Amino acid sequence: MSLSTASLNDFFVAHPSVVRIVLTRVRGSSPRNEGTEMFVTSRSLWGTLGGGQLEYLAIDTARKMLRDGALQRDVDVPLGPEIGQCCGGRVEMRLKRMRGSDKRAAVNRALKADAALPHVYVMGAGHVGRALAKLFQHLPVKCILIDTRPEEIALNTAAVETRVSVLPEADIWNAPAGSAFIVLTHDHALDFLLTSAALEREDAVYVGMIGSATKRAKFRNWTHKHCDGQTIEHLNCPIGASGSRDKRPSVIAAFVAAEVIAELTSETAAFAPAGASEMPRAGIYPGREGKLV
């Protein structure tokens, strides 16, 4: 169970009375897609419908239901001057008071969404690798930070999976299809080996290697000699090359994370359920201990 899903579970445990809001139909432009859900209590929230007047209206309606004891409401909202929003579309929402079975179903949906998250392998736990892990922990991916050096892994503070691996290429071989691989180890030879392994799979959404245009050219020559002319057409190197010359690890990581997420969402957005690929952080209050699952 991920941190976000565990927090959702805690949210339900801490708040017996919850209204689930789900966008059941979206026409035209809207802040969020059909299927997006949000949970509202008398004093707390989980998730978002995109903010703005639509969300305020939904929260007010949900809290009125809690005060009045209503069980369900269906609302049709034009996103225009009537509510002070200028998206121009129209959404239909269903608001429903949650039973215990509804809460368990919501947690199960979150668990399934966690299991479906794309994997991002950060191969190297140096300064940039750790900076990447700090960013990816907040994004809808499963990040795995891998290094051969336990002392570098020990410096990681991000809430991501970590592995000390003496054969990191095996982690690449065993990764699920559609994964992303970012190679930035402490050793150029290891970088070449791992990048080649990632490219050889031919099912990676993103393969990136830290370095310069010169390193890319050297890698191309290396693949011709050692990998039967393996193509590097789909290799991102330099990574995070968006025009910035700032070489601070946090800045490099920001550009690289943007590259990876752009590729992952362009590949999966058409197929992912509207709310399944993201689990927003909760704004919750401390609650009693307990479990739903």
(message) Nothing charged except the Cβ atoms of Lys and Arg (+1) and of Asp and Glu (-1): what's the magnitude of the dipole of region 93-197 about its Cα centre? Round to the nearest 20 debye.
(response) 1240 debye
(message) Given R₀ = 51 Å, what would the calculated FRET efficiency be for Glu200 paired with Asp68, taking r from the Cβ atoms and rounding to 0.05?
(response) 0.25
(request) Distance between Cα centroids, region 12-29 to region 154-184: provide it in whole Å. (result) 35 Å
(message) Can you compute the charge dipole magnitude of the chain about its Cα centre, using +1 on each Lys and Arg Cβ and -1 on each Asp and Glu Cβ, nothing else charged? Give it in debye, rounded to the nearest 20.
(response) 980 debye
(message) How would Trp222, Trp46 line up from fewest to most surrounding beta-carbon atoms within 10 angstrom?
(response) Trp222, Trp46
(message) Can you compute the equivalent ellipsoid semi-axes for region 1-60, i.e. the square root of 5 times each eigenvalue of the Cα gyration tensor, sorted largest first and rounded to whole Å?
(response) 22, 14, 9
(request) Kindly put Val26, Val91 in sequence by how many other C-beta atoms sit within 10 Å of each C-beta, fewest to most. (result) Val26, Val91
(message) Given a Förster distance of 45 Å, report the FRET efficiency between Asp76 and Trp173 from their Cβ-Cβ distance, rounded to the nearest 0.05.
(response) 0.30
(message) Pairs of alpha-carbon atoms within less than 8 angstrom and 6+ residues apart define the contacts here; what relative contact order does the chain have, in percent?
(response) 22 percent
(request) Binning at 10 Å from 0, report for the chain what percent of all alpha-carbon pair distances ends up in each bin. (result) 6, 24, 27, 20, 15, 7, 1, 0
(request) Obtain the nm distance between the two label points defined at Arg216 and His188 by a simple spin-label model: each point lies 7 Å from its Cα along the Cα-to-C-beta direction. (result) 1.7 nm
(message) Give me the tail of P(r) for region 117-268 as a percent: Cα-Cα pairs with distance above 25 Å.
(response) 20 percent
(request) Distance check, please: which entries in Lys225/Lys247; Lys64/Lys112; Lys134/Lys247; Lys215/Lys247; Lys134/Lys218 exceed 22 angstrom between their Cα atoms? (result) Lys225/Lys247; Lys64/Lys112; Lys134/Lys218
(message) Give me log10 I(q)/I(0) at q = 0.12 Å⁻¹ for region 3-115, Debye formula, one equal scatterer per alpha-carbon, no solvent.
(response) -0.41
(request) Among Thr223, Val160, His127, pick out the residue whose Cα is farthest towards the positive end of the charge dipole of the chain, where Lys and Arg carry +1 and Asp and Glu carry -1 on C-beta, about the Cα centre. (result) Val160
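Laboratory data are not the source of any read-out in this text; all were calculated from the coordinates shown. In this text the structure is predicted, and so the values were computed from the model without any measurement. No Cβ is skipped: glycine too gets one built from the backbone with ideal geometry, and neighbour counts run over all protein chains shown.
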